[in-house]
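**Q** Can you keep this structure in mind? I'll have questions shortly.
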Amino acid sequence: MKKSIKLFALLFMLVININLLIAQPEQDEDIDDVPVDAGISLLAGAGAVFGIKKMNKKYSLKEKSPKS
């Protein structure tokens, strides 16, 4: 139960932060900018997956350790 609450809280914070990062102020029509938000989103997602994988590995080792 605690893991599901922590996971929900983490996903909620990620969704809120990504929406805030994507928001941009209004600009003039003369400026031709290149959007970089797709690459940053992919890197953030890969980082989150890597972090979750490391956390699962760390905690699974503690649970599987043999009792002396």
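**Q** Return the residue satisfying two criteria in turn: it lies in region 58-68 and is part of a loop (DSSP other than H, G, I, E, B) and among the polar types (S, T, N, Q), and of such residues it is modelled with the highest pLDDT.
**A** Among those residues, the one meeting the criterion is Ser65.
**Q** Okay, next question. Of all residues in region 6-18, count the ones that are aromatic (Phe, Trp, Tyr) and at pLDDT 85 or above. I'd like the intermediate steps shown before the answer.
**A** Restricting attention to region 6-18, the residues satisfying the condition of being aromatic (Phe, Trp, Tyr) are 8, 12.
When the remaining residues are screened for being at pLDDT 85 or above, the result is 8.
Number of matching residues: 1.
One line per residue, one yes/no per condition, for (1) of a type in the set (Val, Ile, Thr); (2) surrounded by 10 or more Cβ atoms within 10 Å (Cβ to Cβ); (3) modelled with pLDDT of 85 or more:
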{"residue": "Lys3", "(1), (2), (3)": "no, no, no"}
{"residue": "Leu20", "(1), (2), (3)": "no, no, no"}
{"residue": "Gln24", "(1), (2), (3)": "no, no, no"}
{"residue": "Asp28", "(1), (2), (3)": "no, no, no"}
{"residue": "Ser41", "(1), (2), (3)": "no, yes, no"}
{"residue": "Ala46", "(1), (2), (3)": "no, yes, yes"}
{"residue": "Phe50", "(1), (2), (3)": "no, yes, yes"}
{"residue": "Asn56", "(1), (2), (3)": "no, yes, yes"}
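The values are calculated or read from the model by the stated rules, or taken from the named source; none is laboratory data. Predicted model, so just to flag it, every value in this text is computed and none were measured. Reconstructed Cβ throughout: ideal geometry from the backbone, glycine too, with neighbour counts over all protein chains shown.
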